[in-house]
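Everything on this sheet refers to the single structure shown next.
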Amino acid sequence: MMKIIPSIKLPIIKNGDSSNHILSDITKNKKIIIFGVPGAFTPTCSEKHLPGFINLYNQFQAKGIHDIYCLSVNDVFVMKAWLESYPKGYLINGIADGNADFAKTMQLTIDYSGGFMGTRCKRFTLLADQNNIVKLFIEEKGEYFVSSAENILNNI
């Protein structure tokens, strides 16, 4: 597994606008969080994971986090609609990993074809500083503990 943020081009959603960027270019010289979810609009992702980071956003900023990104193996249109479905969704930047390029590069793919979802991203959260991944929390399939916003805040 990589120990640095990969240099791959992905659609990034920021304040409701999307454009393609090399991920490592927009995260360099920053302390960032990327949390990955199996799917936008899915229950745990929508009811717990994303809202947790929105609700604790100011506390993360107070601890020196510049940006928080939510990544999912969904297209840019789905990710944009999902973020916009939350009143403060604009606080979180989206990464639309539609081809699972990030998930594959980071060895974070999981097979959800039994549930008709195909290859998805494992639920995870990483903390990176200057593009170096300093902490990585990966959930077991179907679980939501170590990657939660509350756990990450306690581990910064």
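Look through the range 1-54, keep the residues that are among the small types (Gly, Ala, Ser), out of contact with any strand residue (DSSP E or B) (no Cβ under 8 Å at 6 or more places or on another chain) and more than 21 Å from Leu108 (Cα to Cα), and return whichever of them is modelled with the lowest pLDDT. If you could, list the steps in order and put the result at the bottom.
Quick first cut of the range 1-54, residues among the small types (Gly, Ala, Ser) only: 7, 16, 18-19, 24, 36, 39-40, 46, 52.
So of that shortlist, the ones also out of contact with any strand residue (DSSP E or B) (no Cβ under 8 Å at 6 or more places or on another chain) come out as 16, 46, 52.
Of the ones still in play, those that are also more than 21 Å from Leu108 (Cα to Cα) are 16, 52.
Values: Gly16: 92, Gly52: 97.
Among residues in the range 1-54 that are among the small types (Gly, Ala, Ser), out of contact with any strand residue (DSSP E or B) (no Cβ under 8 Å at 6 or more places or on another chain) and more than 21 Å from Leu108 (Cα to Cα), the one modelled with the lowest pLDDT is Gly16.
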Q. Which ones in the range 66-85 are surrounded by fewer than 20 Cβ atoms within 10 Å (Cβ to Cβ) and among the hydrophobic types (A, V, I, L, M, F, W, C)?
A. Val76, Phe77, Val78, Ala81
(Q) Please go through the range 2-45 and give me each residue that is assigned to a helix (DSSP H, G or I), touching a Ser or Thr at 6+ places or on another chain (Cβ under 9 Å) and under 19 Å from Glu84 (Cα atoms), ordered by number. (A) Cys45
**Q.** Subset of the range 86-108 (residues that are surrounded by 14 or more Cβ atoms within 10 Å (Cβ to Cβ) and without any contact (Cβ under 8 Å) to a residue 24 or more places away in the chain)
**A.** Lys104
Q. From the residues in the range 109-146 that are touching a residue at least 12 places away in the same chain (Cβ under 8 Å) and acidic (Asp, Glu), which one is surrounded by the fewest Cβ atoms within 10 Å (Cβ to Cβ)?
A. Glu143
Q: Determine whether Gln61 is closer than 21 Å to Leu23 by Cα and free of Cβ contacts under 8 Å to residues at least 12 places away in the same chain.
A: yes
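The values are calculated or read from the model by the stated rules, or taken from the named source; none is laboratory data. Only a predicted model underlies this, so the values are computations on that prediction, with no experimental measurement involved. Heads up, the Cβs are rebuilt from the backbone with ideal geometry, glycines too, and the neighbour counts pull from every protein chain shown.
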